[in-house]
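*Asks:* Take a look at the following structure, please.
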Amino acid sequence: MLVSACLGGVDCYYKGGNRAIPELKTLVDSKRAIAICPEVLGGLPVPREEAQIADASGKDVLAGNAKVITRTGRDVTDNFIRGALHAKEKALREKVDLAILKARSPSCGKGNIYDGTFSGRLRNGNGLFAELLMKEGIKVLTEEEYIKKEGEDIA
């Protein structure tokens, strides 16, 4: 199992700190899940400026048809692609079959991501890392989907 590092208690959230979910942190701490942050693997610092995919999805970025831009307009597409590819390779090496990823993230979001306007609006699509994992046949859930499954043992 793989967990977005911020959900597993690693201080790598873009604002600094983490978004730990106790059950996921326990899985990471007990080595039953690996924690990965594609954005940090791509060379971005913690904390870092918020970034979103500009009116597109991770699939579009990976195809070279869209960019990942920070709130001040800096292009961080290369960092996001490099990190997502590196994280995917690590997931494949570890034979991951389930990933619990951070909802709405430009890297880890599944189903809905922020639309690139930094206004809180969502659009359909996946983040880069989520897109790559699903393309490999790895089951991806957001932490919100994981919480809804409370009471079921998915680990």
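The values are calculated or read from the model by the stated rules, or taken from the named source; none is laboratory data. Please read all numbers here as calculations on a predicted model, not as lab measurements. Cβ coordinates were reconstructed from backbone atoms using ideal geometry, including for glycine residues, and neighbour counts include every protein chain displayed.
*Asks:* Among (1) closer than 15 Å to Ser4 by Cβ; (2) touching a helix residue (DSSP H, G or I) at 6+ places or on another chain (Cβ under 6 Å), which single condition is Lys67 missing?
*Replies:* (1)
*Asks:* Would you point out the residue of the range 86-100, among those that are of a type in the set (Gly, Ala, Ser) and in a helix (DSSP H, G or I), that is nearest to Ile36 (Cα to Cα)?
*Replies:* Ala87
*Asks:* Does the range 142-154 contain any residue that is part of a loop (DSSP other than H, G, I, E, B) and modelled with pLDDT of 95 or more?
*Replies:* no
*Asks:* Hey, among the residues in the range 22-52 that are in contact (Cβ under 8 Å) with a residue 40 or more places away in the chain and touching a helix residue (DSSP H, G or I) at 6+ places or on another chain (Cβ under 6 Å), which one's surrounded by the fewest Cβ atoms within 10 Å (Cβ to Cβ)?
*Replies:* It comes out as Gly43.
*Asks:* Output the strands (runs of 3 or more DSSP E) that fall wholly within the range 9-81 and possess 1 or more residues being at pLDDT 95 or above and under 20 Å from Glu145 (Cα atoms), or say none.
*Replies:* Qualifying strands (runs of 3 or more DSSP E): 34-36.
*Asks:* A further question follows. Considering only residues of the range 76-125 that are without any contact (Cβ under 8 Å) to a residue 60 or more places away in the chain and of a type in the set (S, T, N, Q), which is farthest from Ile21 (Cα to Cα)?
*Replies:* Only one residue fits best here, namely Thr77.
*Asks:* When you go through Leu133, Leu122, Leu85, Leu128 one by one, which is the residue that is more than 19 Å from Ala63 (Cα to Cα) and at pLDDT 95 or above?
*Replies:* Leu122
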